[in-house]
Amino acid sequence: MPADSSIAQNLASLRARIARIAHEAGREPAAIELIAVSKTHPAASVQAALAAGQRCFGENRVQEAAGKFPALKAAFPELTLHLIGPLQTNKALDAVRLFDAIHSLDRPRLADALAAAMVKAGRRPNCFIQVNTGQEPQKAGVLPAEADAFIAYCRERAGLPVIGLMCIPPAADSPAPHFDMLRGIATRHGLERLSMGMSADFETAIRCGATDIRIGTAIFGERPAH
């Protein structure tokens, strides 16, 4: 089966699952943004998803996205691109110029770099603050105990357009308590967007209130070997 047919079928199946779970949870499927995570997959795969009606994509690396998406965004002006991987401060300006949302805001130096980049670029992509709900030392994200102060810093001191929170639960844990924690922090701050849930746990995430789910493998298949 051609790759583009597989991607179209995967998207149709995924949208049906999202709709079913949303209805079961008493939610509107339209309130859930499906971010197709195209990292390491070629532009041809993105084009197949675009042909199937997908318009929102996620990438992990600024450099990879810069080589893949400018031409696609020019051809599809309604395409939105989300940065879901860690961001180095020296890539802040490139990220602000290319992405429509940044999900990995996690430290004051990055907040300051993004604020300066937004002024220089004349663009203000939406920002999600990443929370390390599992307090894993190897993982990015602000610690839960420091989230309130950091959210205030990003909004008030840096003046960033913070619209929500993001998390990646520990692989060995049940994801629901982590999703519930993230929702609780967001509720305290009046943040409406929750970026949580991937191919293995997005149904749980939707039940826990996710508004943005990041799906790669269930759409594009396993990442190409390098």
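Where a number appears in this text, it was derived from the coordinates with a stated rule and is not lab data. These numbers come from a predicted model, not from an experiment. When we count neighbours, we look across all protein chains shown, and the Cβ atoms used for this are built from the backbone with ideal geometry, even at glycine.
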So what are region 71-226's ellipsoid semi-axes, whole angstrom, largest first, if each one is the square root of 5 times an eigenvalue of the alpha-carbon gyration tensor? 23, 21, 14
Helices from the chain with mean Kyte-Doolittle at least 0.0 and a Cα length along the axis of 15 Å or more, per DSSP H: which? 62-75, 108-121
At His23 and Ala44, where each label point lies 7 Å from the Cα along Cα→Cβ, what is the point-to-point distance in nanometres? 3.7
Check the chain and count each lysine pair with an alpha-carbon distance under 17 angstrom, considering only pairs eight or more places apart or from different chains. 4
Give me the extension gain from Arg157 to Lys73: residue separation times 0.36 nm, minus the current Cα-Cα distance, reported in nm with one decimal. 27.0 nm
Per-selection metrics, region 1-138 (Cα): Rg and Dmax in Å: 16.4, 48
